[in-house]
Amino acid sequence: MKKHVVILAAAVLVVSIMAAYAATDALVGACIYKFDDTFMTGVRNAMRAEMERQGGELEIVDSQNRQPMQNDQVDAYISKGANALIVNPVDRTAAEPLMNKAKADGLPIVFINREPYAEVMNAYDKIWYVGAKAEESGTQSGQIIVDYFKAHPEADRNKDGKIQYIMIRGEQGHQDATLRTEYSTKAIKDGGFEIVELGNDTANWDKVQATDKMKGFISAVGVDAIEAVLANNDDMALGAIEALKAEGYNLGDASKYIPVVGVDATAPALEAMSKGEMLGTVLNDADNQGIAAVKVAVVAADGGEVTEQSIGYSITDGKYIWIPYRPVTVENYKEFMK
Ligand code: GAL
Ligand code: CA
């Protein structure tokens, strides 16, 4: 008798677990602005892993940094009967026609990482945005510099009471580039430091371009004049570090060290932090961004209501899912290593 009760209880448990994880049969079509991007590769991997848990089908294509190609990819997903779309636009100002394509078909569309303008977001009821508040990452990276200069007065190498810095920006027009640049310097000023910009240029999120730009700055102002480097992402921070290392800096000699901060907390950046080459970064949470995007797409594709309960993330204004950033310093970087 007892045995039967146990078996019955186990069966009930199995059935209810299966109901809770009822596999979706949705086909979700996703476009990533380009595959050759370290952070977006992390988002892509998280999307795949989440769809594996959900049991549906996820197709992901590389838009190769070309908006017209991405537009065609969206058309192709629609004609093959995708149930929802996830789009990381090549050009965030070109999101409107993509929204219109989805709208014409009543198809849910989830934009990620490159935020469409509010008028586009407000023109359709089955549109969502999953991303992170760029201001937050700017502020946090600036604060890492503030904390460093407070703890290390000798970092003001020319002893003028000001921080002479280089800014390496992401892609022109990207909200993360504009806002990280603005808020990182604002945080340093709010932290009580005067700042002097010795150089400021874009390197399009790219490590190799950042090394080139940094070499240019070094030959223009001299490496000794530079007291800090702020980069809008980790790949560019690592690119700048390559240029510093070529001058004998950031190789372990404490008297030859220039604090460099990035954003993303990619594996190579955490590795550079562990070697003492890089001061800090900010976690841009690729895992949660990827998971949230797939959850929204699947719930909407299955005709469900996208709510905090159904996706497990809080939602602002019914359509924005903001994933928080976190400062990553020498004290906590190990937590983020996978
Ligand atoms: C940013 C990220 C960059 C780059 C960019 C692509 O959020 O920090 O590394 O991936 O997105 O749009
Ligand atoms: Ca100084």
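Restricting 57, 136 to residues that are touching a residue at least 40 places away in the same chain (Cβ under 8 Å), within 20 Å of residue 290 (Cα to Cα) and open to solvent by 20 Å² or more (accessible area, probe 1.4 Å) narrows the list to 136. Quick check on residue 252: is it assigned to a loop (DSSP other than H, G, I, E, B), more than 16 Å from ligand 2 (Cβ to nearest atom), small (Gly, Ala, Ser) and more than 23 Å from residue 183 (Cβ to Cβ)? So residue 252 passes the test. Within region 234-266, restricting attention to residues that are at pLDDT below 95 and small (Gly, Ala, Ser), the residue that is farthest from ligand 1 (Cβ to nearest atom) is 255. Of all residues in region 111-143, those being farther than 29 Å from residue 262 by Cβ and of a type outside the set (S, T, N, Q) number 7.
Would region 75-89 turn up any residue that is out of contact with any helix residue (DSSP H, G or I) (no Cβ under 9 Å at 6 or more places or on another chain), part of a helix (DSSP H, G or I), free of Cβ contacts under 8 Å to residues at least 60 places away in the same chain and not hydroxyl-bearing (Ser, Thr, Tyr)? Yes, there is a match, as at least one residue in region 75-89 is out of contact with any helix residue (DSSP H, G or I) (no Cβ under 9 Å at 6 or more places or on another chain), part of a helix (DSSP H, G or I), free of Cβ contacts under 8 Å to residues at least 60 places away in the same chain and not hydroxyl-bearing (Ser, Thr, Tyr). Could you identify the single residue in 277, 271 that is surrounded by fewer than 24 Cβ atoms within 10 Å (Cβ to Cβ) and either assigned to a helix (DSSP H, G or I) or in contact (Cβ under 8 Å) with a residue 40 or more places away in the chain (or both)? Testing whether each residue is surrounded by fewer than 24 Cβ atoms within 10 Å (Cβ to Cβ) and either assigned to a helix (DSSP H, G or I) or in contact (Cβ under 8 Å) with a residue 40 or more places away in the chain (or both) leaves just 271. Taking the listed residues 115, 136, the one that is in a loop (DSSP other than H, G, I, E, B), modelled with pLDDT of 95 or more and among the acidic types (Asp, Glu) is 115, with no other qualifying.
Just so you know, in region 75-89 the residues that are β-branched (Val, Ile, Thr) and buried (at least 22 other Cβ atoms within 10 Å of the Cβ) include one that is nearest to residue 294 (Cα to Cα), and it is 86.
Contact map, region 220-245: first residue open to solvent by less than 10 Å² (accessible area, probe 1.4 Å), second residue away from ligand 2 (no atom under 16 Å from the Cβ) and of a type in the set (Lys, Arg), Cβ cut-off under 7 Å, separation 6 or more or different chains; pairs are 232/169; 232/180; 236/207; 239/207; 243/215.
The number of residues in region 152-211 being open to solvent by 20 Å² or more (accessible area, probe 1.4 Å), within 13 Å of ligand 2 (Cβ to nearest atom) and either assigned to a strand (DSSP E or B) or β-branched (Val, Ile, Thr) (or both) comes to 6. Every listed requirement among (1) surrounded by fewer than 21 Cβ atoms within 10 Å (Cβ to Cβ); (2) without any contact (Cβ under 8 Å) to a residue 40 or more places away in the chain; (3) polar (S, T, N, Q) is met by residue 38 save one, (2).
The values are calculated or read from the model by the stated rules, or taken from the named source; none is laboratory data. Since the model is a prediction, treat every value here as computed from it, not as a measurement. All Cβ positions, glycine included, derive from the backbone under ideal geometry; neighbour counts span all protein chains shown. With ligands, DNA and RNA removed, areas are computed over all heavy atoms of the protein, side chains included. Shrake-Rupley method; radii C 1.70, N 1.55, O 1.52, S 1.80 Å.
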